[in-house]
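Scroll down for the structure; my scribbles are underneath it.
The values are calculated or read from the model by the stated rules, or taken from the named source; none is laboratory data. Everything quoted here is computed from the prediction, not taken from an experiment. Glycine also receives a Cβ, built like all others from the backbone with ideal geometry; neighbour counts cover every protein chain displayed.
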There are 2 protein chains.
Amino acid sequence: MTIDDILAARARLEGHARLTPLLNAPLLDAELGRRVFLKAECLQKTGSFKYRGARSAISALDDATRNRGVIAFSSGNHAQGVALAAKEMGTSAVIVMPSDAPDAKIENTKAYGAEVVLYDRATDDRDAIGASLAEARGLTLIKPFDNETVIAGQGTIGLEIADQAKPLGLEKASVLVCCGGGGLTSGIALALADRAPDFRVQTVEPQGFDDVARSLETGQIQRNDAQTGSICDAILTPAPGDLTFPIMKAHCGPGLVVSDADAQRAMAIAFAHFKVVLEPGGAVALAAALFHATGTQDIIAIASGGNVDWPVFRDAFESSGTV
Amino acid sequence: MTIDDILAARARLEGHARLTPLLNAPLLDAELGRRVFLKAECLQKTGSFKYRGARSAISALDDATRNRGVIAFSSGNHAQGVALAAKEMGTSAVIVMPSDAPDAKIENTKAYGAEVVLYDRATDDRDAIGASLAEARGLTLIKPFDNETVIAGQGTIGLEIADQAKPLGLEKASVLVCCGGGGLTSGIALALADRAPDFRVQTVEPQGFDDVARSLETGQIQRNDAQTGSICDAILTPAPGDLTFPIMKAHCGPGLVVSDADAQRAMAIAFAHFKVVLEPGGAVALAAALFHATGTQDIIAIASGGNVDWPVFRDAFESSGTV
């Protein structure tokens, strides 16, 4: 993959994906002694960056393939991105979702017009369900991260950051990315390596799901033992991808890890200072910027999504005592 | 006042005020049968549009006047806008605030470096306090709305809307504006009358504080009886201004009125569909778009601010039962 793949994705997304703002908060910056910019992808269509990769991938299919329909596995954000992108392009989408995904994500995926097939994480074989549907109907699988056109779509965020950074006087910065399987991180890292090579990209993961941090440290793909047990549902993936890991290994590190409580406090600070709604998994990069950064270097934190049910949002405030 | 005043304000704000996004939510649009776009000024510096007018006014002063400092009366959003703009331009600000203003607004105004003087709405004479301070120190009063350079600053939002509307295919639209004294409304109306004359601007006010709606209806400035009694603290003004009313009379109407409960439900929908934080007074335009609009015409609702304390935000959800 090269920067040309990302530029091609940008052309396909033109007029469809939103240019999301890069926000800072002067009072917070004064408190922290450094500037923290939030790339507010929670304001992207469908409430997360996933729309970019989904639209990039589906728009790259040939017409006949696209018209047979697509299928995806997702706990919610990729689901909504694929559902909306498919609908916009006049094709159908089947989304295989775990039955414990947040209610709003399941409901919205259906509302975007997708056929939702629920499975039980503990007892069902997700891949078998998906493979059987895909074969029966000739559907194309849109993987959530280990797919070049998906990575290229997420990389358009990196192009935007490079453009937005200049007028803000951002010449060197740490770019912190909420990381599941690494599609967002590797796309941004590829784009910035070309457009803003002085920016350093670091992954941020929840405690107990630090497969990427350990993989970067050891140089080999490492897996998580657990599949559940964090509120950061959007980024609980078992291991980095075969395509994403080499890119991250070349361009990113070291990986950072935050607690669920850190993510909750970051959600409260995003509310108070940035006036945006973040889901737990979309707040881990901001959490790392707020609670685990040292020095005075500017930070750009990717706020990857805002699809959170109200009880989870309320609990983030009440249990963190931040606001 | 003419469009040239607004263009001059835009030049003074260039590189300082943020271009805020114009957001819609496909699922909400499908539910409503019309598109509703949110001009997200809650993402403006200081969390409300007021920064634009404040910076426009202070930057239009001659150096000697500006250097003596400025003073403002405000329950919070104008306060923060004036405080930050003054700080950025290297001068001092005194803000006279009611002691029952939201905590976050008082604290933030201080944090932006202003000297805050609190008064009791029931017993103190705000104007006397301000006049005495202004005279003693040679401060210039930055009025919250009845000031040409303030109106021109708010009008830059109208220029942005006209630019942003074209690629979205927005040719005719109702533009709903959260309205207190009319600075925001009159600025936007002036800009759109020049740049997008097919857009119709309407004011939105809270029940019991519908002075502008009644003034537009009767053609004469009408006053509110009450000064408190709505959660929409940002827009509880006694009457439209001598400068703003003739502009609104020429370009706007009829005025719309929403209940506090409508504003709370709109805050919940902004959370769920737009991923932005709105304060009650910043949500009334969206409330009118959601609950009081008829027909299928596109609507642009100005989301004027997001400076809300957590208990008020929580209560909007729990009492509206929306989410």
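Within segment A:201-233, if we keep just the residues that are of a type in the set (D, E, K, R) and free of Cβ contacts under 8 Å to residues at least 24 places away in the same chain, the residue that is nearest to residue A:260 (Cα to Cα) turns out to be A:225. Has segment A:231-245 got at least one residue that is farther than 21 Å from residue A:79 by Cα and either assigned to a helix (DSSP H, G or I) or not charged (D, E, K, R) (or both)? Among the residues of segment A:231-245, at least one is farther than 21 Å from residue A:79 by Cα and either assigned to a helix (DSSP H, G or I) or not charged (D, E, K, R) (or both), which makes the answer yes. Residue B:124 meets all of the listed conditions (1) farther than 14 Å from residue B:57 by Cα; (2) surrounded by 17 or more Cβ atoms within 10 Å (Cβ to Cβ) but one, namely (2). Hey, any hits in segment B:220-232 for a residue that's assigned by TED's automatic domain parsing to the domain that holds residue B:306 and under 14 Å from the mean Cα position of the chain (by Cα)? Within segment B:220-232, one or more residues are assigned by TED's automatic domain parsing to the domain that holds residue B:306 and under 14 Å from the mean Cα position of the chain (by Cα). Restricting attention to segment B:20-46 and to residues that are assigned to a loop (DSSP other than H, G, I, E, B) and within 14 Å of residue B:153 (Cβ to Cβ), the residue that is nearest to the other protein chains (Cβ to nearest Cβ) turns out to be B:20.
Being of a type in the set (D, E, K, R) and over 18 Å from the mean Cα position of the chain (by Cα) is the filter here; which residues of segment B:288-311 pass it? Outline the logic, then answer.
Of the residues in segment B:288-311, the ones of a type in the set (D, E, K, R) are B:298, B:309.
Selection gives B:298 alone.
Just one of the numbered conditions (1) in contact with a Phe, Trp or Tyr (Cβ under 9 Å, 6 or more places away or on another chain); (2) assigned to a loop (DSSP other than H, G, I, E, B) is not true of residue B:222; which one? Failing condition for residue B:222: (1). Out of (1) surrounded by 24 or more Cβ atoms within 10 Å (Cβ to Cβ); (2) outside the structural domain of residue A:303 (by TED's automatic domain parsing), what's the single condition that is false for residue A:43? It fails just one condition, (2). Residue A:11 versus (1) within 23 Å of residue B:22 (Cβ to Cβ); (2) more than 13 Å from chain B (Cβ to nearest Cβ); (3) in contact (Cβ under 8 Å) with a residue 40 or more places away in the chain; (4) over 17 Å from the mean Cα position of the chain (by Cα): which is the lone unmet condition? Condition (3) is where residue A:11 drops out.
Please state which one of A:282, A:321 is within 11 Å of another protein chain (Cβ to nearest Cβ), among the small types (Gly, Ala, Ser), under 28 Å from residue B:315 (Cβ atoms) and crowded, with 20+ Cβ neighbours inside 10 Å. Walk me through how you get there before you give the answer.
Values: A:321 fails: crowded, with 20+ Cβ neighbours inside 10 Å.
Going through A:282, A:321 in turn, the sole match is A:282.
Looking only at residues in segment A:82-104 that are touching a strand residue (DSSP E or B) at 6+ places or on another chain (Cβ under 7 Å) and part of a helix (DSSP H, G or I), the one that is nearest to the other protein chains (Cβ to nearest Cβ) is A:83. Inside segment A:45-74, residues that are in contact with a strand residue (DSSP E or B) (Cβ under 9 Å, 6 or more places away or on another chain) and over 28 Å from residue B:22 (Cα atoms) make up a count of 10. Kindly indicate whether any position in segment A:26-38 is surrounded by 24 or more Cβ atoms within 10 Å (Cβ to Cβ) and within 18 Å of residue A:13 (Cβ to Cβ). No, segment A:26-38 contains no residue that is surrounded by 24 or more Cβ atoms within 10 Å (Cβ to Cβ) and within 18 Å of residue A:13 (Cβ to Cβ).
Taken together, the residues in segment A:312-323 that are more than 22 Å from the chain's Cα centre (by Cα), part of a helix (DSSP H, G or I) and not charged (D, E, K, R) amount to 3. Of all residues assigned to segment B:47-59, at least one qualifies as being of a type outside the set (Asp, Glu) and in a strand (DSSP E or B).
State whether one or more residues within segment B:241-249 are more than 16 Å from the chain's Cα centre (by Cα) and among the aromatic types (Phe, Trp, Tyr). No, segment B:241-249 contains no residue that is more than 16 Å from the chain's Cα centre (by Cα) and among the aromatic types (Phe, Trp, Tyr).
Could we say that residue B:107 is in contact (Cβ under 8 Å) with a residue 24 or more places away in the chain, over 26 Å from residue B:239 (Cβ atoms) and within 14 Å of chain A (Cβ to nearest Cβ) here? It is false that residue B:107 is in contact (Cβ under 8 Å) with a residue 24 or more places away in the chain, over 26 Å from residue B:239 (Cβ atoms) and within 14 Å of chain A (Cβ to nearest Cβ).
How many residues, within segment B:177-217, are in contact with a Ser or Thr (Cβ under 6 Å, 6 or more places away or on another chain), in a helix (DSSP H, G or I) and among the β-branched types (Val, Ile, Thr)? Residues that pass the stated criteria total 2. Whenever a residue of segment A:15-29 is free of Cβ contacts under 8 Å to residues at least 12 places away in the same chain, its partners that are assigned to a loop (DSSP other than H, G, I, E, B) and crowded, with 18+ Cβ neighbours inside 10 Å, lying with C-beta atoms within less than 6 angstrom and at least six residues away or across chains, give the pairs A:29/A:35. Please find, within segment B:256-271, the residue that is nearest to the other protein chains (Cβ to nearest Cβ) out of those that are among the small types (Gly, Ala, Ser) and buried (at least 24 other Cβ atoms within 10 Å of the Cβ). If we take residues in segment B:256-271 being among the small types (Gly, Ala, Ser) and buried (at least 24 other Cβ atoms within 10 Å of the Cβ), then B:270 is nearest to the other protein chains (Cβ to nearest Cβ).
Within the set A:88, A:115, the sole residue that is at pLDDT 95 or above, outside the structural domain of residue A:247 (by TED's automatic domain parsing), more than 15 Å from residue A:66 (Cβ to Cβ) and over 16 Å from the mean Cα position of the chain (by Cα) turns out to be A:115.
With respect to the conditions (1) surrounded by fewer than 24 Cβ atoms within 10 Å (Cβ to Cβ); (2) in contact (Cβ under 8 Å) with a residue 40 or more places away in the chain; (3) of a type in the set (Asp, Glu), residue B:63 falls short on a single one, namely (2).
Can you find even one residue in segment B:291-308 that is within 14 Å of chain A (Cβ to nearest Cβ) and either surrounded by fewer than 24 Cβ atoms within 10 Å (Cβ to Cβ) or β-branched (Val, Ile, Thr) (or both)? Show your work before the answer.
Of the residues in segment B:291-308, the ones within 14 Å of chain A (Cβ to nearest Cβ) are B:303-308.
Imposing the further condition that a residue be either surrounded by fewer than 24 Cβ atoms within 10 Å (Cβ to Cβ) or β-branched (Val, Ile, Thr) (or both) reduces the set to B:308.
For segment B:291-308, residues within 14 Å of chain A (Cβ to nearest Cβ) and either surrounded by fewer than 24 Cβ atoms within 10 Å (Cβ to Cβ) or β-branched (Val, Ile, Thr) (or both): present.
Within segment A:121-147, the set of residues being closer than 17 Å to residue A:238 by Cβ and in a loop (DSSP other than H, G, I, E, B) comprises A:121, A:122, A:124, A:125, A:143, A:144, A:145, A:146, A:147.
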